[in-house]
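A.B. asks: Just dropping this structure here.
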Amino acid sequence: MGGGAGRCPAVLLLALPLLALPGGLCKPTAWQERARPGTAQQHEDAPGFQYDHEAFLGKEEARSFDQLSPEESQERLGKIVDRIDENQDGYLTTEELKNWIKRVQKRYIYENVAKVWKDYDTNKDNKITWEEYKQATYGYYLENPEEFQDATDRHSFKKMLPRDERRFKTADLDGDLAATREEFTAFLHPEEFEHMKNIVVLETLEDIDKNEDGFVDQDEYIADMFANEEGGPEPDWVTTEREQFSDFRDLNKDGKMDKEEIQHWILPQDYDHALAEARHLVYESDVDKDQKLTKEEVLDNWNMFVGSQATNYGEDLTRNHDEL
């Protein structure tokens, strides 16, 4: 686990498509993943290279490649290599790979928004008002509170409604309470927008700060990623994470993280995940060490870039791969 140096994963703070409940109600936005630099979710080169596949292809496309034969995967990878080679000189540079990975991530985000747009733009005016979102997400709960007997559900909806409203209003730059596609993208994917960073930090703090003192102490930091339900000794990686907290998270050494330290942790300014992944792919595949990749070098190490049926961790997805 490298916390102060080395390659870190992308910081993923994605509010993914919401899940439908009775009466058309959707669950409130929630951080579906929070992969942070230096945590147990850090990118390690585990068998299958799943992190590399998702960074290089996008999650859905990575899963669809897992349904192809090795030969089909390599054939499609060859076509992708031709597309990444912007100047058509026969080599993939770190810069070209970085640009490709950034395009893949951006495409995922906008496709995600497009999938859920029609569920909220109920009057089809190409904007989503706060009232439309609130009704689609919380309407059933607000109209039928007696049906929510589970205390956890009641607490979740009661907590998330004002939180969603706060995030929506921050994303709504012109203050008209009607989100354009760009504003709604900022609402669902705040980690991608500069003006939403304070919301990302605040929601992360609220998620982890169980004693609500406005800080994240070491035990809260650990509890967010590890629940010692059996009461036994902590695994070695947890001990390492405690060291990471002391050495790299708690910058002013007061035993806890404030908002500024949390931002430094989850949204590090000096870290470009696309560049880091591009450098990694070049380093692992560059046989002649000329700092760039030929198509042959990529195909010789194809299973780092894409999966196939042999990796066997995907699910069947039907998609036109040529749109990639």
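The values are calculated or read from the model by the stated rules, or taken from the named source; none is laboratory data. Just so it is clear, the structure is predicted and the values come from calculations on it, not from any experiment. Glycine also receives a Cβ, built like all others from the backbone with ideal geometry; neighbour counts cover every protein chain displayed. Side chains are part of the model used for accessible areas, which takes the heavy atoms of the whole protein and leaves out ligands, DNA and RNA. Shrake-Rupley method; radii C 1.70, N 1.55, O 1.52, S 1.80 Å.
A.B. asks: Look through segment 268-279, keep the residues that are open to solvent by 10 Å² or more (accessible area, probe 1.4 Å) and outside any loop (DSSP other than H, G, I, E, B), and return whichever of them is modelled with the lowest pLDDT.
C.D. replies: Selected residue: His273.
A.B. asks: Would you pick out the residues in segment 70-109 that are at pLDDT 95 or above, of a type in the set (S, T, N, Q) and open to solvent by less than 70 Å² (accessible area, probe 1.4 Å)?
C.D. replies: Ser73, Gln74, Thr93, Thr94, Asn99
A.B. asks: Within segment 198-214, is even one residue surrounded by 15 or more Cβ atoms within 10 Å (Cβ to Cβ) and touching a Leu at 6+ places or on another chain (Cβ under 6 Å)?
C.D. replies: Looking through segment 198-214, at least one residue is surrounded by 15 or more Cβ atoms within 10 Å (Cβ to Cβ) and touching a Leu at 6+ places or on another chain (Cβ under 6 Å).
A.B. asks: Considering Met196, Met160, which residue is among the aliphatic types (A, V, I, L, M) and modelled with pLDDT under 95?
C.D. replies: Met160
A.B. asks: Now for a different question. Quickly run through segment 166-195 and pick out the residues that are under 17 Å from Glu111 (Cα atoms) and part of a loop (DSSP other than H, G, I, E, B).
C.D. replies: Thr180, His189, Phe193
A.B. asks: Check segment 99-113 and report whether any residue there is outside any helix (DSSP H, G or I) and without any contact (Cβ under 8 Å) to a residue 40 or more places away in the chain.
C.D. replies: No; the residues of segment 99-113 include none that is outside any helix (DSSP H, G or I) and without any contact (Cβ under 8 Å) to a residue 40 or more places away in the chain.
A.B. asks: Might you check whether a residue that is at positive phi, part of a loop (DSSP other than H, G, I, E, B) and either open to solvent by 40 Å² or more (accessible area, probe 1.4 Å) or touching a helix residue (DSSP H, G or I) at 6+ places or on another chain (Cβ under 9 Å) (or both) occurs anywhere in segment 236-252?
C.D. replies: Taking every residue of segment 236-252 in turn, none turns out to be at positive phi, part of a loop (DSSP other than H, G, I, E, B) and either open to solvent by 40 Å² or more (accessible area, probe 1.4 Å) or touching a helix residue (DSSP H, G or I) at 6+ places or on another chain (Cβ under 9 Å) (or both).
A.B. asks: Hey, any hits in segment 267-278 for a residue that's free of Cβ contacts under 8 Å to residues at least 40 places away in the same chain and under 21 Å from the mean Cα position of the chain (by Cα)?
C.D. replies: Yes, there is a match, as at least one residue in segment 267-278 is free of Cβ contacts under 8 Å to residues at least 40 places away in the same chain and under 21 Å from the mean Cα position of the chain (by Cα).
A.B. asks: Identify all residues within segment 116-134 that are out of contact with any helix residue (DSSP H, G or I) (no Cβ under 6 Å at 6 or more places or on another chain), outside any helix (DSSP H, G or I), in contact (Cβ under 8 Å) with a residue 12 or more places away in the chain and farther than 16 Å from Gly175 by Cα; write none if there are none.
C.D. replies: The answer is Asn126, and nothing else.
A.B. asks: Moving on. Specify which of the listed residues (Leu92, Leu68) is within 18 Å of Tyr283 (Cβ to Cβ) and not in a helix (DSSP H, G or I).
C.D. replies: Residue meeting the stated conditions: Leu92.
A.B. asks: In segment 295-307, which residue that is in contact with a Ser or Thr (Cβ under 8 Å, 6 or more places away or on another chain) and open to solvent by 10 Å² or more (accessible area, probe 1.4 Å) is nearest to Thr93 (Cα to Cα)?
C.D. replies: Glu297
A.B. asks: Here's another thing I want to ask about it. Which numbered condition trips up Val282, out of (1) within 20 Å of Lys102 (Cα to Cα); (2) open to solvent by 60 Å² or more (accessible area, probe 1.4 Å)?
C.D. replies: (2)
A.B. asks: Taking the condition more than 26 Å from His264 (Cβ to Cβ), of a type outside the set (Phe, Trp, Tyr), touching a Leu at 6+ places or on another chain (Cβ under 9 Å) and modelled with pLDDT of 95 or more, does Glu165 pass?
C.D. replies: Criteria not met by Glu165.
A.B. asks: Quick one: would you say Ala310 is open to solvent by less than 80 Å² (accessible area, probe 1.4 Å), assigned to a loop (DSSP other than H, G, I, E, B) and at pLDDT below 90?
C.D. replies: So Ala310 does not fit the description; no.
A.B. asks: Spot the failing condition for Glu95; the list is (1) in contact with a helix residue (DSSP H, G or I) (Cβ under 7 Å, 6 or more places away or on another chain); (2) more than 24 Å from Gln309 (Cβ to Cβ); (3) touching a residue at least 24 places away in the same chain (Cβ under 8 Å), and only one is missed.
C.D. replies: (1)
A.B. asks: For the subset of segment 202-241 comprising residues that are charged (D, E, K, R) and in contact with a strand residue (DSSP E or B) (Cβ under 6 Å, 6 or more places away or on another chain), which member is farthest from Arg167 (Cα to Cα)?
C.D. replies: Asp217
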